[in-house]
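**Q** This is the structure I have questions about; it appears just below.
The values are calculated or read from the model by the stated rules, or taken from the named source; none is laboratory data. What you are looking at is a predicted structure, and each value in this text was computed from that prediction instead of being measured. Backbone-built Cβ (ideal geometry, glycine too); neighbour counts: all protein chains shown. Just so you know, the surface numbers come from the protein's heavy atoms only, side chains and all, with ligands and any DNA or RNA stripped out. Shrake-Rupley method; radii C 1.70, N 1.55, O 1.52, S 1.80 Å.
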Amino acid sequence: MRPAVLVLVNASLELVAKQATSLLAQAAANRGHRVLVAGVQDLQWDEGEGVSALGRGVAPCGSVEAVVAQVDAAVPERLILGAGVLVLVRTNPGRDTGR
């Protein structure tokens with residue numbers, strides 16, 4: 001079974017098609033991984049389960065524009081970050097001066 005992939009960005013709804021992050025999410029989904037995109041504000045801690053994220057799903061698709069559309073339309077789902085989850089950190093603190 002392929003690992004789930006969490007793509008961690010500054011803010012999931014600010015993902016744009018021209019970023020390499022969108023291409024990476026598309027490539028992982030097209031290779032059969034469960035892919036979720038989450039922003040740093042979507043990370044959570046639970047005493048019993050540890051770290052989780054509210055991510056927005058990306059299904060296999062033919063374009064990076066479709067990735068962005070999927071993320072924008074998706075209902076967030078919870079993913080517990082543990083064994084079998086790859087976290088791809090694509091944050092840029094310099095763009096996120098408000099936090």
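**Q** Relative contact order for segment 30-81: what is it in percent, counting Cα pairs under 8 Å that are at least 6 residues apart? Spell out each step's value before the answer.
**A** On the way: 80 pairs, mean separation 19.4, N = 52.
That works out to 37 percent.
**Q** Using Cα pairs under 8 angstrom and six or more residues apart, how large is the relative contact order of segment 1-96, in percent?
**A** Working: 196 pairs, mean separation 34.8, N = 96.
Over segment 1-96, the number comes to 36 percent.
**Q** Accessible area of the chain with a 1.4 Å probe: how many percent of it is carbon plus sulfur?
**A** 57 percent
**Q** Further question: Considering every pair of different Cα atoms, what Kirkwood radius, in Å, is found for the chain?
**A** On the way: mean 1/r = 0.0744 Å⁻¹.
After inverting the mean inverse Cα-Cα distance, the result is 13.4 Å.
**Q** Suppose we flag GluC sites (Glu not before Pro) only when DSSP calls them loop and at most 13 other Cβ atoms lie within 10 Å. Which is the longest uninterrupted stretch of the chain? List each step's numbers first, then the result.
**A** On the way: sites that count: E47, E49.
No qualifying site falls inside 50-99, the longest such stretch.
**Q** Over the chain, average the accessible area per residue using a 1.4 Å probe and give it in Å², no decimals. Kindly include the intermediate steps, with their values, before the conclusion.
**A** Numbers: 5630 Å² over 99 residues.
Solvent-accessible surface per residue comes out at 57 Å².
**Q** Among DSSP bridges having both ends in the chain, what percentage is antiparallel? Round to the nearest 5. If you can, show how the numbers build up before the last one.
**A** On the way: 11 of 21 bridges.
Roughly 50 percent of the DSSP beta bridges within the chain come out antiparallel.
**Q** S63 to E77: extension gain in nm, 0.36 nm per residue of separation minus the Cα-Cα distance? Before the final figure, lay out the partial values.
**A** On the way: separation 14, 0.36 × 14 = 5.04 nm, distance 2.26 nm.
Length difference between fully extended and current span is 2.8 nm.
**Q** Further question on the same structure: Taking only Cα atoms and a 10 Å spring cutoff, compute GNM fluctuations for the chain and point out the largest among L15, L24, L54.
**A** Highest fluctuation of the listed residues: L24.
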